[in-house]
Amino acid sequence: MAAALSAYKNGVKDILILERDEYLGGILNQCIHPGFGIDYFKEILTGPEYARRFINKLEQVPRIEVSLRSFVVDLTKDKVLTFLKPGSFNRIKAKALIMATGCREKTREMVHIPGTRPAGIFSAGLAQKMINIEGLIPGKKVVIVGSGDIGLIMARRFVLEGAQVKAVIEIQKQSQGLLRNVVQCVQDYNIPFFCQHKISKIHGNSRVEKVSVVKVDKNFKTVANTEFEIECDSILISVGLIPENELIEMAGVKIDKNTNTPVYKGLNKTSIKGLFVCGNSYKVYDIVDSVSSDSEKAGQSAAEYLKRGKK
Amino acid sequence: MNKTLTCIECPKGCILLVKIQHEKVKEISGNICSKGKAYAVSEIEHPCRMLTSTVCGKGLNLRMIPVKTNAPIPKSDIFKAMKEIKKLKIRKSVCAGDIIVRNFLGLKGINLVVARSCSRI
Amino acid sequence: MKIYDVIIIGAGVVGTAIARELSRYELKTAVLEKEIEPAFGVSKSNSGIIHPGTQNHCNSLKGRLCVEGNKLMRGIAHELGVDFKEVGELIVVFNKKDIPRLIKLKEEAEKLGVPKIQIVGRGWLKEHEPNLSKKAIAALYAPTAGILSPYRLVYDMIENAQNNGVEVYAQQEVIQIKPSKIRGSKKQGYFEIITSSKRKFKTKYIINSAGLFADDISKLAGIDDFKIKPRKGEEFILDKKKEHITNHLLFPLPAKKSKGVLIIKTSAGNPMIGPTACDCVDKYDLSTTDAGLKKVLSSVKRMIPSISHKDIIAYFAGLRPAAGEDFIIRHEDKVPGFINVAGIQSPGLTAAPAIALMACAILRQQGVNLKKKKIFHKTREKTTHLFEMPFSHTEKIIKEDPDYGDIVCRCEMVSAKEIKEAIKRGAKTLDGIKFRTRAQAGRCHGSFCTCRILKILAENSKRPITQITKKGAGSEIVLEKRCND
């Protein structure tokens, strides 16, 4: 939304936003906790409220077209997009394209946690969506793997919804999330926090039954004789985000294999002229305010690119 | 006595060193702004937290409506608050900012506020 | 109570292949499956390889039925709309001293009738397998090896069998088999089967294709002379981006009890490495291990040095139902009417169509009149998968049914319509949806689509969302609902 508004402000009048969900706002809609907008709006807002600010701005500009439930299935190097909607198949060509596709979460398999594959293993984002959007509680005795902000926020959310959070397990020496979240999510609720530990095995055939936990050294190697077990029915995996750039990779954009983000010297630019990336799919930011600022820059860059093309 | 706190007012998370006497804050250091000072006093003398959760919707375009307290509430009231929130149901269209419970938990000036607009379908 | 002619115990690849074959004849046939859906036992861990028949003793049932099955599978796959791809296999050697073994494998394969088998050298390997280690000096090339989706095959076979009159009962664990009573020399007796849900079934013949539990079922009938010793195999799935890292299935020289660690091409496109081979005691232990990962990686790096642990996006373990050296496929004369089809480990998938024919032959030998039905629906309409079709076709079907444009699984491009169709065809669980449609099998592993799939399952199977499971009772996903509607 920020990119569209910025492009408009900088002179672009023909703008279409393609959103795959049934409402605008993306992941912010399920981030019901406060902490957004401190820089951008100088207020403390919840995720949905932050998104609402931009939706309001968007509603002031009816010329910016919005297409919901629109899923892009193909992108070519000539910026031809194919997208599907319930009941319609569409193909359009963009003069400039801004990708704001955000991130997906790293899965249990990517961090190689051995053991069984029962029900009860969730990414933090999935658990968050289940609880905050659908009103479904996926676990009552939870172990959280990874102390990034999402994991910490979900620790608190589970406790508030009546579940028991048995532990937060972090492989690094210290928490990977903001200190304020360690205080208000873990310390406030006396949740056992194990740094320099990892899960060595998941147990349970149908549903999670327990986890084996071991201490690790600074090289992440298991320290002998430190194994203990925690009984639980759910494991929340919160071990990092991966920018979603598969579409632009399909179009031939050069992607850095390590970060899954485009390789290019210019900010928000990619190896395809007129194709820009912004927000978390450009770089994983800590706070949404940075995402909005970055997206505005991308909108401006796109506008400048189009102006140059007209000459 | 001395106590170390992490300020939670903003993402910076300043480490505050607080000198306490007779359960009252005497001196604060380590804060970058005035919010830190206010936080330190509050955290020692009457710890409070912002509470956000969701309320069930019925007949609306959203199944769960996010809500928040308009100001931090006493930490000790959090679970009582969650119990009350779970009893609520929203059946009509509401806008972000609407108050659904005034003087929540009998706390003066504390309201439970809608954080996302929704409409009847 | 209805008396069936044949009841098949176990709806895995073998049971469903037999069911489909029997559905050609005028017989009352039923399949009893312990789990909530077919293919949830041994078959779901199958690697999907249709073996050419190499690496089997020329006098073995395994060898003979594999070669026959390889031929038959193509026709069946075509009839049922299952994609079969002939990719060929290479058994690779790195040492001159292994060449005699390779030659011996070739000779044994030729005795079995494995077609077009030949030994290829460095030059051929460089051209046709560019990523193969330069240290590979030769390979045995068997072009008739193929790949398909094992669970899709099971579902399509059982659906076709049902379409031809076979009854399928899931969540029916057989707990008792009362033997047939011969009433007079002319009348034939029947078995009475009792299941865990207290249901009773009467049948003249039983075909035991119960996979890991075939020995337990056989024991219930009174035959106790073999034991299923599970042998665990861990497999690791690589990112689809590595699809073309190999052109053929790559095998090392076989070990004593297993084919070794392979580099497998799967029908979905993702390469798969594994399996390990580790004798197990627990028939329910499907855990993967760090040791398994290390072993597989070091073995495959020898063949394709560029594979790294970073490429691994998923892993799982399966248990081979091993009962000695060869398949056990026989009528048990001590218990007339009881037919064992047990110990079906590799090449069980490939052999399945041939095993089915053998089962029919055994029934004929026992005096069963296999009379062909006048109408047999040989084919079934191929399942629609958005990700398999050209966009021109996508456009057409979305016009016909708007639900095809409603994308639920973003990583694999699966629409709401495909998920609803899978439920109509028998999917009851998240895993059932995954195996039939590939939704949740992509890079995000269900993070984005699980909510929606739960809702569609609850709505379409008219069950509360708290009863939707990953793979049957005990694996419920939602423990509590915030709101009571």
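The values are calculated or read from the model by the stated rules, or taken from the named source; none is laboratory data. Please read these numbers as outputs of a predicted model, since none were measured by experiment. Neighbour counts run over all protein chains shown; Cβ positions are idealised from the backbone, glycine included. SASA here: full protein model, heavy atoms, side chains in, ligands and nucleic acids out. Shrake-Rupley method; radii C 1.70, N 1.55, O 1.52, S 1.80 Å.
Heavy-atom accessible surface of C:Thr276, to the nearest 10 Å², is about 10 Å², with a 1.4 Å probe and all protein chains retained. By the Cβ distance rule of under 4.7 Å, chain C has these cysteines without a partner: C:Cys58, C:Cys66, C:Cys278, C:Cys280, C:Cys360, C:Cys411, C:Cys444, C:Cys451.
Taking the accessible area of segment C:386-467, probe 1.4 Å, and keeping the other protein chains in place, the carbon and sulfur fraction comes to 50%. Among C:470-476, A:65-71, C:257-263, the peptide with the highest mean count of other Cβ atoms within 10 Å heads the list, and the full ranking is C:257-263, C:470-476, A:65-71. Note on A:Lys283: aspartates and glutamates with a C-alpha under 13 Å away, same-chain residues under 8 apart excluded, are A:Glu244, A:Asp256, A:Asp294.
How much length would be gained if the chain were fully extended between C:Asp290 and C:His57, taking 0.36 nm per residue of separation minus their Cα-Cα distance, in nm to one decimal? Stretched fully, the C:Asp290-C:His57 segment lengthens by 80.5 nm. Remark: segment A:107-237 carries a charge dipole of roughly 160 debye about the Cα centre, counting +1 on each Lys and Arg Cβ and -1 on each Asp and Glu Cβ. Pairs exceeding 22 Å between alpha-carbon atoms, taken from C:Lys71/C:Lys256; A:Lys95/A:Lys269; A:Lys269/C:Lys240: C:Lys71/C:Lys256; A:Lys269/C:Lys240. Its Kirkwood hydrodynamic radius, worked out from the mean inverse distance over all distinct Cα pairs, puts chain A at 21.0 Å.
Under 5 Å from the amide H of A:Gly139 lie the amide H atoms of C:Leu479, each residue being 5 or more positions distant or on a separate chain, with H modelled from the backbone and absent for Pro and chain starts.
Placing unit charges on the Cβ atoms only, positive for Lys and Arg and negative for Asp and Glu, gives segment C:386-467 a dipole magnitude near 340 debye about its Cα centre.
Between the listed residues A:Ile235, A:Ala94, A:Leu58, the Cα displaced farthest toward the positive end of the dipole of chain A, a dipole computed from Cβ unit charges relative to the Cα centre, is found at A:Ala94. For the listed residue pairs C:Lys97/C:Lys126; C:Lys219/C:Lys283; C:Lys104/C:Lys126; A:Lys42/B:Lys68, the alpha carbons are within 28 angstrom of each other in every case. For segment C:386-467, lysine pairs separated by 8 or more sequence positions, or belonging to different chains, with Cα-Cα distances below 18 Å total 17. Largest to smallest in accessible area, the residues A:Lys310, C:Lys434 fall in the order A:Lys310, C:Lys434 (1.4 Å probe, all protein chains included). Estimated from the Cβ-Cβ distance and a Förster radius of 41 angstrom, the FRET efficiency linking C:Glu107 and C:Ser308 is about 0.65. Cross-link check: pairs A:Lys140/A:Lys215; C:Lys34/C:Lys382; C:Lys198/C:Lys481; C:Lys34/C:Lys229; A:Lys141/C:Lys470; C:Lys44/C:Lys373 evaluated at a Cα-Cα cut-off of 21 Å; pairs beyond the cut-off: A:Lys140/A:Lys215; C:Lys34/C:Lys382; C:Lys198/C:Lys481; C:Lys44/C:Lys373. Chains A and C together bury roughly 4400 Å² of accessible area, counting both sides, with a 1.4 Å probe on protein heavy atoms only. Residue by residue, segment A:202-211 carries 3J(HN,Hα) couplings of 9, 10, x, 8, 8, 10, 4, 10, 6, 10 Hz when phi is fed to the Karplus relation 6.51 cos²θ - 1.76 cosθ + 1.60 (θ = phi - 60°); x denotes Gly or Pro. Sorting C:314-323, B:11-20 by their mean Cβ neighbour count within 10 Å, with the most densely packed peptide first, gives C:314-323, B:11-20.
Between C:Ser392 and B:Arg102, the simple label model (points 7 Å from Cα in the Cβ direction) yields a spacing of 6.8 nm. What the Cβ-Cβ distance of C:His244 and A:Asn56 gives, at R0 = 51 Å and to the nearest 0.05, is a FRET efficiency of 0.60.
Please say if chain C is rounded, prolate or oblate, where rounded means a/c under 1.5 for a ≥ b ≥ c the square roots of the C-alpha gyration tensor eigenvalues, and otherwise the choice is prolate for a/b larger than b/c and oblate otherwise? Verdict is oblate for chain C. Residues whose amide H falls under 5 Å from that of B:Ile110, counting only those 5 or more places apart or on a different chain, are B:Asn103, B:Phe104, with hydrogens built in the peptide plane. Extending 7 Å from Cα along the Cβ direction at A:Lys283 and again at A:Leu68 yields two label points whose distance is 3.3 nm. Using the Cβ-Cβ distance between C:Tyr169 and A:Lys42 with R0 set to 60 Å, the FRET efficiency from 1/(1 + (r/R0)^6) comes to roughly 0.40. Dipole magnitude for chain C: computed about the Cα centre from +1 point charges on Lys and Arg Cβ and -1 point charges on Asp and Glu Cβ, it is near 660 debye. What segment C:124-177 shows is 38 Å² of accessible area per residue, with the surface traced by a 1.4 Å probe over protein heavy atoms.
Neighbouring Cβ atoms from other chains, within 10 Å of the Cβ of residues in C:441-451, number 6 on average. Residues whose amide H comes within less than 5 Å of that of A:Ser123, counting only those at least five positions distant or on another chain, are A:Ile237 (H built at 1.01 Å from N in the peptide plane). Partners of B:Lys83 within straight-line reach, counting aspartates and glutamates whose Cα lies under 14 Å from its Cα and excluding those fewer than 8 residues away in the same chain: A:Glu161. Legend: mean number of C-beta atoms from other chains within 10 angstrom of residue C-beta atoms, peptide A:119-125, equals 5.
Per-residue mean of foreign Cβ neighbours for C:305-314 is 2 (Cβ atoms of other chains, 10 Å radius). Accessible area buried by the pairing of B and A, both sides summed with a 1.4 Å probe, works out to roughly 2400 Å².
In the protein assembly as shown, the DSSP beta bridges split such that about 70 percent are antiparallel, to the nearest 5.
A simple rule links phi to the HN-Hα coupling: the Karplus curve 6.51 cos²θ - 1.76 cosθ + 1.60 with θ = phi - 60°, which for segment A:14-23 gives 10, 10, 10, 9, 9, 10, 7, 8, 8, 8 Hz, with x for Gly and Pro.
In segment C:386-467, a dipole from Cβ-located charges (positive for Lys and Arg, negative for Asp and Glu) runs towards its positive end, and of C:Ile453, C:Cys411, C:Phe387 it is C:Ile453 whose Cα lies farthest in that direction. Summary of packing: across the peptides A:72-78, C:32-38, A:3-9, the per-residue average of other C-beta atoms within 10 Å ranks them, highest first, as C:32-38, A:3-9, A:72-78. Ordering A:Pro118, A:His33, A:Val72 by the projection of their Cα atoms onto the charge dipole of segment A:1-127, which places +1 on the Cβ of Lys and Arg and -1 on the Cβ of Asp and Glu, puts A:Val72 at the extreme positive end. For segment A:273-281, backbone phi angles converted through the Karplus equation (6.51, -1.76, 1.60; θ = phi - 60°) give residue-by-residue couplings of 5, x, 10, 10, 10, 9, x, 5, 7 Hz, Gly and Pro being listed as x. For C:Lys371, give me every one of the lysines with a C-alpha distance below 22 angstrom, ignoring sequence neighbours fewer than eight places off in its own chain. Straight-distance partners of C:Lys371: C:Lys2, C:Lys28, C:Lys186, C:Lys187, C:Lys202, C:Lys204.
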